[in-house]
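Data first, discussion second: the structure below is written as structure tokens.
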Amino acid sequence: MRWQLQLACFLGSLASLARAECDVSDFMQCRRNLIAQIFNASALPTKAAPDFTFNESESHPMRGWPAPGGGAAAAGSAAGDTIAWRNGRQRLVWTLAGVATNLTLNATVFHTFNTSGDAPANYPPPPAAPGCPSAAASPDYASYARRGGTLVLYHNGHETATCTPNYDGVVDHLNQLGYDVMELMMPLLGCNDAPQYGSPKKHAWFRQWEERGEATMRFFVEPVVLAVNYAVALGYEHIVLLGLSGGGWTTTLAAAVDARIELSIPTAGSVPKFSTSYLPAWTPDLPEGRGEGEGGGGDYEQLYEGRRKDMYDACDFACMYVLAALEPHRHQLQLLHEKDSCCFAAQGLHGPIRAYNDFVQRQLAAQGAGGGGWMQTAVTAGNYHQVNYRDKVLVATVVERLRLQGGLSKADFSQLPFDLLQIQSTGTGEFARAK
């Protein structure tokens, strides 16, 4: 009996080494496998309309000049005398029910509309000139006029601990540029708090449900799919997905499975941390995973363990990057920060980053007669874990090209501003084009 037990353990260890990796000759099958792993289903959820909709356009105006949270009072103004404007905010809530357990969570989305027709001043307004009304004379704005044609889904990831929209100014920035926005956040955090379960704040809480057979990854990805369903029903012409940190990770997964996302911009959200037969060189997650080896760093959803092993085996990060631009009309711009204070810092890793970009781009070029779309990584000089000003310029550059041209091409990703993969420091505080 002992030798039989030893043989069983040996065979089990061999089986654990056998990974059902994505077959890079059939990325569509890899997508189907990934969908099955995330949703325990053969297709994406089809529900569109939110379960609850709250019109907050009048009850929650933005105040002050554009700033995090609810804005800031104009300097020198009397108490309560602030600039105010509205972006037509609608709170959308979907109920997410488990497929193998009775786990039930909510997913909240803030839908705001472009304010480019009548945007507020971003400074304390000067006195009104003759014939020229000022914000001081008319502090109450209703600047949103109508729904635009381009929607940016912004997934703020782990960044907000409270149910506060426009947490770091990204949403208002996009609204003022002329885009409608749907802001999402991670499960259990912010508006997605789960008081019925004791308000857990760490995603490791999902492990107990995964062990009961629940497809826990769907609680991360399904809110994006439902928001896209709703956006399509509303008639948006272009759907863009931008995400930071955990929202960048979510952007990577959602863009891989949902081909309706025309442009995806995951920011500081992932690198290929796991080796595969087709991309054996893995890229470390620095500084978070320093010293932890392959796959080190990351929250529960990024760890190669449990049912998530099956998901990442079905399609690892490099595979997801390919799927995000598999169709000719789809593109992905991955943003990383040179000295990110949290995760996926690019300093010292430009070679490995270029290597996985080369792999993804070769796979896309091999798709059909005309090839697929385009995926490219840009590295900005950020040293904080945020959507920084350089990132915002890059986001606006590609989104506006999409809006104006009706589509994107590989050429639209050449000579991007602030991209350290394309430029190198001269040591004088300026930049020169890299050879």
In nanometres, what is the gap between the two model label sites at R147 and H329, each 7 Å from Cα along Cα-to-Cβ? 1.8 nm
Gain on full stretching of the segment that runs from A381 to C163 - 0.36 nm per residue minus C-alpha separation: 75.5 nm
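Please arrange D299, D258, D180, D358 by counting, for each residue, the other beta carbons lying within 10 Å of its beta carbon, fewest first. Show your work: numbers first, answer last.
Numbers: D299 17, D258 21, D180 25, D358 10.
Fewest to most other Cβ atoms nearby, the residues stand as D358, D299, D258, D180.
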Protection proxy ranking, peptides 182-193, 287-298, 267-278, average beta carbon neighbours within 10 Å, highest first: 182-193, 267-278, 287-298
If packing is taken as the average count of other Cβ atoms within 10 Å, what order do 320-327, 402-409 fall into, highest mean first? 320-327, 402-409
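Size of the dipole of the stretch 305-435 about the Cα centre, Lys and Arg at +1 and Asp and Glu at -1 on the beta carbon, nothing else charged, in debye to 20? Please report the intermediate quantities before stating the final value.
On the way: 14 positive and 13 negative charges, 39 e Å.
Here the stretch 305-435 has a charge dipole of around 180 debye.
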Can you give me the C-alpha center-to-center distance between the stretch 29-50 and the stretch 369-426, rounded to a whole angstrom? 29 Å
Could you check the simple spin-label distance between A49 and R362, using points 7 Å along Cα→Cβ, in nm with one decimal? 5.1 nm
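Please give the FRET efficiency for A204 paired with Q405, using the beta carbon to beta carbon distance and R0 = 51 Å, rounded to the nearest 0.05. Intermediate results must be reported in sequence, preceding the final value.
Numbers: r = 44 Å, r/R0 = 0.86.
With R0 = 51 Å, the Cβ-Cβ based efficiency is 0.70.
Tell me, what is the Rg over Rh of the stretch 146-204, with Rh the Kirkwood radius over Cα pairs?
Values: Rg = 13.4 Å, Rh = 12.5 Å.
With Rg and the Kirkwood Rh in hand, the quotient comes to 1.07.
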Step through the table entries K273/K410; K309/K392; K201/K273; K339/K392; K202/K309; K202/K410, compare each Cα-Cα distance with 28 Å, and write down the pairs that go over it. K309/K392; K202/K410
If each residue of separation counts as 0.36 nm, what is the full-extension length gain between K339 and S57 once their alpha-carbon separation is subtracted? 97.7 nm
What size of dipole, in debye to the nearest 20, comes out for the stretch 198-280 about its Cα centre when the only charges are +1 on Lys and Arg C-beta atoms and -1 on Asp and Glu C-beta atoms? 340 debye
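In square nanometres and to one decimal, what's the mean projected area of the convex hull around the Cα atoms of the stretch 154-282? Walk me through the numbers on the way to the answer.
Details: hull surface 38.8 nm².
If you wrap the Cα atoms of the stretch 154-282 in a convex hull and average its projections, you get 9.7 nm².
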Could you put D412, D285 in order, starting from the residue whose Cβ has the fewest other Cβ atoms within 10 Å? D412, D285
Suppose R0 equals 35 Å. What FRET efficiency, 1/(1 + (r/R0)^6) with r the Cβ-Cβ distance, do R354 and T104 give to the nearest 0.05? 0.20
Roughly what would the spin-label model give for A97 and E305, points 7 Å off Cα along C-beta, in nm? 3.2 nm
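We did not get these values from a lab; they are worked out from the coordinates using the rules stated. No experiment lies behind these values; they were computed from the predicted model shown. FYI the Cβ positions are ideal-geometry reconstructions off the backbone, even for glycines, and counts take in every protein chain you see.
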